[in-house]
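I have placed the structure first, in the form of structure tokens, so that the comments after it can refer back to it.
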Amino acid sequence: LVVVGLTSDTTMALFRVVSVVLALLFSNADAFVFPSQPNGKLEQFFVGKTYLKAAQLEDSANESAEGESQQRQGTYSNLVTTRRSALKAGVVAGAVLTSFADISFAAGESDPFSPAKRTTAYRVDTTIPPTLLPLDARKETAVLKGLGKGSGTSKEAIFDDSVNLNNLLQKIVYGTADAITNVVNPQTEDTKSGPGYASFVCFGVPAATSLVDIDLSLSLLSSIVQPRKSTNLDTALGLTVAPLSTQGSLDAYAQGGQSEGDLLEALTKAGVSESDSQLYLPLFQFAKQNSLKLLALAPEVEDVRTVRAEGLQNVDVDRRSQYVVDAEGFIQQTQDPKFRMYTERSLLKDFNPVDEKDGNQGNYFAERILVHETAASVAATYASKRPESLVALVAPIPDLRFLGGINGRIPRISNFLNKEDNKVTVDAVTTILVNPTAKETLSKSRYLRLEVGTGPETLNYQSKVADYLWFSTVPKVNMIPRLMNAK
């Protein structure tokens, strides 16, 4: 048996591993040897009874588990002649391998282990059930830049379309057919531009919003707005904290006609708490600095209280017509099976009586759909008059999760306002949840809940929690379910 050994540490370690394997597989060989103390040259190790003088290792039934091996002087050692001796040599070789701590497993690195870099952003893919795709820094930038250009977010599942040995023939046949079809009948992508098209980005912040959530929303919004600064396209920022009656004050503030103090006073008069006004002030400031249109998206506080206590029918008729521009669609949506599933699995889960007399879920339902319809109507109305405009809005997570709240109403209202040229579909509306928690996704475990509608009778209406999940810091591992490998 002739074995050639090289002098590098890595090669020597590999040689020893191969030696152990050969010893285990070919135990009937005359002898087996490990090279010891290589002399720095390309060496040949000749093994055999004729050339070597080595100790014979006893192999009897009375031999202890550890065994003994007599060592003799010479260039070669560790002679193995039997199956049991080969196994012993393998144990010894394993111990020898552990001593080579100076072998470099990665070029330029002394530590072979490199922990994975966990991300702070995830795309919720529309698989059944939904899965999470991590976004690294490069992909984050690409996503936000695309949203700024009005690309929206496809609601179709993402499939790996790479070519491999399993689908090579299929790609050749159908890929060629598709290529021929495109050449003969080319199709242009004009559904995301021109009159009738607008895009919407909905930021869902925790109900107990903090400055950390606002700061992250501002960071994302800044990246989205950046590509639009070199264009003349309209961009607006809508806030559900501001009632419609404050729209005049918002316009005056954005144009420099009012101070921050005047704006805060107007919000307070409209029923907005001082803490909420201060919390959202950075967003008002950002809109003013970047020349964004500010939109008040909330119904009047007194009307919301009226609906909760007495029902939607008792709201002033004129104001109700401002809140609901598509009355017929507003009523029909409540009968839609998918919306009814959303109502049962999400909307009503937040019902919390305000007092002992408040046990009517019907009035709570009417209150929430009025709030959602009002915000969607204002956003869609603004965009319908401005081709390729972008409306970003900030609302609590419960009003956006599972795509059935404000965000789910925008396509219907846009179609009502612009029936001939409307190009606003569900793909034009992107939902980003900012620092979501398991509780706010209605999960009963530590993991985030990614969907509603998993039963056999509701599978056709399954809705994912959002398009993207974004975190200020790396989330805990036990929060992230169904994580897929990124490419």
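Residue 255 meets all of the listed conditions (1) at pLDDT 95 or above; (2) open to solvent by 60 Å² or more (accessible area, probe 1.4 Å); (3) over 18 Å from residue 375 (Cα atoms) but one, namely (1). Scanning region 119-135 for residues that are out of contact with any helix residue (DSSP H, G or I) (no Cβ under 8 Å at 6 or more places or on another chain), of a type outside the set (Phe, Trp, Tyr) and not in a loop (DSSP other than H, G, I, E, B) returns 124, 125, 131, 132, 133, 134. Within region 134-156, residues that are touching a residue at least 40 places away in the same chain (Cβ under 8 Å) and closer than 17 Å to residue 228 by Cα have Cβ atoms under 6 Å from residues that are of a type in the set (A, V, I, L, M) and crowded, with 16+ Cβ neighbours inside 10 Å in these pairs: 144/224; 147/201; 147/224; 148/224; 152/428, counting only partners at least 6 apart in sequence or on another chain. Tell me which residues, restricted to region 397-421, are modelled with pLDDT of 95 or more and open to solvent by 40 Å² or more (accessible area, probe 1.4 Å). Within region 397-421, 403, 412, 415, 416, 417 qualify.
Here residue 305 does not qualify as within 20 Å of residue 463 (Cα to Cα) and basic (Lys, Arg).
Looking across region 241-290, the residues that are of a type in the set (Val, Ile, Thr) and in contact with a Ser or Thr (Cβ under 9 Å, 6 or more places away or on another chain) come down to 241, 268, 272. Only one entry of 150, 146 meets the criterion of being at positive phi and at pLDDT 60 or above, and that entry is 150.
Does region 305-321 include one or more residues that are surrounded by 15 or more Cβ atoms within 10 Å (Cβ to Cβ), in contact with a Leu (Cβ under 7 Å, 6 or more places away or on another chain) and in a loop (DSSP other than H, G, I, E, B)? No.
Here's the yes/no breakdown for (1) open to solvent by less than 60 Å² (accessible area, probe 1.4 Å); (2) out of contact with any Pro (no Cβ under 8 Å at 6 or more places or on another chain); (3) closer than 30 Å to residue 211 by Cβ:
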{"site": "429", "(1), (2), (3)": "yes, no, yes"}
{"site": "434", "(1), (2), (3)": "yes, no, yes"}
{"site": "448", "(1), (2), (3)": "yes, no, yes"}
{"site": "458", "(1), (2), (3)": "yes, yes, no"}
{"site": "467", "(1), (2), (3)": "yes, yes, yes"}
{"site": "476", "(1), (2), (3)": "no, yes, yes"}
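Restricting attention to region 330-381, which residues are more than 14 Å from residue 306 (Cα to Cα), open to solvent by 20 Å² or more (accessible area, probe 1.4 Å) and of a type in the set (Gly, Ala, Ser)? Passing the criteria: only 359. Of all the numbered requirements in (1) without any contact (Cβ under 8 Å) to a residue 12 or more places away in the chain; (2) closer than 22 Å to residue 225 by Cβ, residue 242 misses one, and that requirement is (1). Looking at region 293-303, can you tell me whether even one residue there is open to solvent by 60 Å² or more (accessible area, probe 1.4 Å), modelled with pLDDT of 95 or more and over 28 Å from residue 389 (Cβ atoms)? Yes, region 293-303 contains at least one residue that is open to solvent by 60 Å² or more (accessible area, probe 1.4 Å), modelled with pLDDT of 95 or more and over 28 Å from residue 389 (Cβ atoms).
The values are calculated or read from the model by the stated rules, or taken from the named source; none is laboratory data. In this text the structure is predicted, and so the values were computed from the model without any measurement. Ideal geometry is used to build each Cβ from the backbone, glycine not excepted, and the neighbour counts take in all protein chains shown. Surface areas here come from the heavy atoms of the whole protein model, side chains and all, with no ligands, DNA or RNA. Shrake-Rupley method; radii C 1.70, N 1.55, O 1.52, S 1.80 Å.
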